[in-house]
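Trainee: So that we are looking at the same thing, I have put the structure below in structure tokens.
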Amino acid sequence: MKKKLSVIIPIYNEEGNIPALFERLSSVVSKMDVEPEFLFVNDGSRDNSIALIKALAVKNTFVKYIDFSRNFGHQVAVSAGLDKASGDAIVIIDADLQDPPELIIEMFGKMQNGFDVVYAKRRARKGESFLKKFTAGMFYRILGSITSVSIPVDTGDFRIMSKQVADIVKSMPEKEKFLRGQISWVGFEQTFVEYDRDERQSGETGYTYSKMIRFALDGITSFSNFPLKFASGAGFVVSGFSFLMILYALYSRYILKVYEPGWTSLMLAITFIGGIQLISIGIIGEYISRMSANIRNRPLYIIKNTNID
Ligand code: UDP
Ligand code: MG
């Protein structure tokens with residue numbers, strides 16, 4: 001029996017890319033011995049994306065869609081795709097053709113050799129700003145050094161995984177999704193293929209800097225307690241210094257009997273300790289806000305419309 005291959009495609013204002021993406025994906029799956037399922041997740045696009053997707057669904061029974069009630073974010077869109085995908089193997093791919101669909105053939109091939117996850121590692125990234133590449137590079141390296149899970153550097157969510165892995169990822173209850181980390185965390189046999197990341201074909205990135213920062217913080221807080229330990233560690237070091245300073249102040253006041261107005265040192269100490277305190281409270285706040293989101297336990301996304309039963 002043919003294996004079923006699900007392809008999850010998160011869509012946020014991609015009207016300029018959907019036709020070309022569909023063509024390339026269709027030609028890829030036609031070369032493979034699989035039964036395809038294309039699962040478009042429309043994440044509150046403000047353009048004509050959903051109409052294009054619905055038109056494709058009318059003509060092709062293997063085109064499925066989930067239409068969100070608003071923009072919930074890329075990771076949530078992919079999570080919804082995972083929830084509904086019915087394939088034996090599941091691909092996650094961006095809609096803007098930065099991830100070449102042709103690579104799926106090689107990824108699927110590696111999977112047949114006994115791997116559970118094959119992710120795509122970027123060799124080069126074209127058409128992205130220096131700042132984006134630099135911050136992304138730094139982020140993955142810092143994350144790698146503060147977490148015990150080895151999250152591959154220079155990868156996005158473009159990957160293929162077995163149904164078994166997808167089911168485990170789906171069952172993870174946390175609301176803040178950092179899928180590339182969660183998938184690594186699962187384990188099993190994972191490997192990668194390398195590729196050169198293309199430029200976005202049409203339209204512009206849906207990842208604003210604020211979305212990127214939130215995503216980075218989700219990654220760090222879900223996979224590392226290092227910031228919390230750093231905050232308490234810094235607290236200990238700073239209070240150690242303060243204690244020495246207290247001893248010195250008392251010594252110079254009562255033994256040496258020399259004491260200056262000391263405005264500078266006072267200001268330095270206050271601002272320094274004040275800064276450390278604010279940072280520490282902020283770090284704790286980041287964790288607490290995520291805990292409270294999990295306790296509220298609202299649905300991760302709301303589906304307005306779908307052709308999946
Ligand atoms: N995307 C989404 N919701 C968002 C932002 C992006 O579903 O809020 C989709 C987008 O349509 C694309 C993928 O996620 O298929 C990657 O987004 P994008 O290309 O904008 O990110 P970048 O490549 O710039 O990091
Ligand atoms: Mg992109």
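We did not get these values from a lab; they are worked out from the coordinates using the rules stated. Keep in mind that this is a model prediction, so the values were computed, not measured. FYI the Cβ positions are ideal-geometry reconstructions off the backbone, even for glycines, and counts take in every protein chain you see.
Trainee: Given Cβ point charges of +1 (Lys, Arg) and -1 (Asp, Glu) and nothing else, what value in debye, to the nearest 20, does the dipole of the stretch 15-111 about its Cα centre take?
Mentor: In debye, rounded to 20, the stretch 15-111 gives about 260.
Trainee: Can you give the FRET efficiency to the nearest 0.05 for Thr271 and Phe134, using r as the Cβ-Cβ distance and R₀ = 22 Å? Could you put the intermediate results ahead of the total?
Mentor: Values: r = 30 Å, r/R0 = 1.35.
Efficiency for this residue pair is about 0.15.
Trainee: Sticking with this one: Would you work out the relative contact order for the chain, in percent, from Cα pairs under 8 angstrom that are 6 or more residues apart? Display every interim value, and only then the final one.
Mentor: Values: 463 pairs, mean separation 67.6, N = 309.
Averaging sequence separation for qualifying contacts and normalising by length gives 22 percent for the chain.
Trainee: Using 1/(1 + (r/R0)^6) with R0 = 22 angstrom and r between the beta carbons of Ile308 and Ser69, what's the FRET efficiency to the nearest 0.05? If you can, show how the numbers build up before the last one.
Mentor: On the way: r = 16 Å, r/R0 = 0.72.
Plugging the Cβ-Cβ distance into 1/(1 + (r/R0)^6) gives 0.85.
Trainee: Still on this structure, please answer the following. Which one, Leu21, Leu278, Pro299, projects farthest toward the positive side of the charge dipole computed for the chain from Cβ point charges (K/R +1, D/E -1)?
Mentor: Leu278
Trainee: Is it possible to state the helix-based mean residue ellipticity at 222 nm for the chain, with each DSSP H run of 4+ residues giving -39500 (n - 2.57), the sum divided by total residues, to the nearest 500 deg cm²/dmol? What is it? Walk me through the numbers before you get to the answer.
Mentor: Values: 10 runs with 156 residues, N = 309.
Helix contribution divided over all residues of the chain: -16500 deg cm²/dmol.
Trainee: Nearest 5 is fine: what % of DSSP beta bridges in the chain come out antiparallel, could you say?
Mentor: Values: 11 of 37 bridges.
Bridges in the chain that DSSP calls antiparallel: roughly 30 percent.
Trainee: For the stretch 164-309, build the charge dipole from Cβ charges (+1 Lys, Arg; -1 Asp, Glu) around the Cα centre, then report which of Phe188, Val258, Met245 sits farthest towards its positive end.
Mentor: Value: Val258.
Trainee: Taking the mean number of other Cβ atoms within 10 Å as a proxy for protection, how do you rank 52-60, 113-121 from highest to lowest?
Mentor: My ranking of the peptides, most packed first, is 113-121, 52-60.
Trainee: How far apart, in nanometres, would the label points at Ser210 and Phe241 be if each is projected 7 angstrom from Cα along the Cα-to-Cβ direction?
Mentor: Once both label points are built, they end up 3.4 nm from each other.
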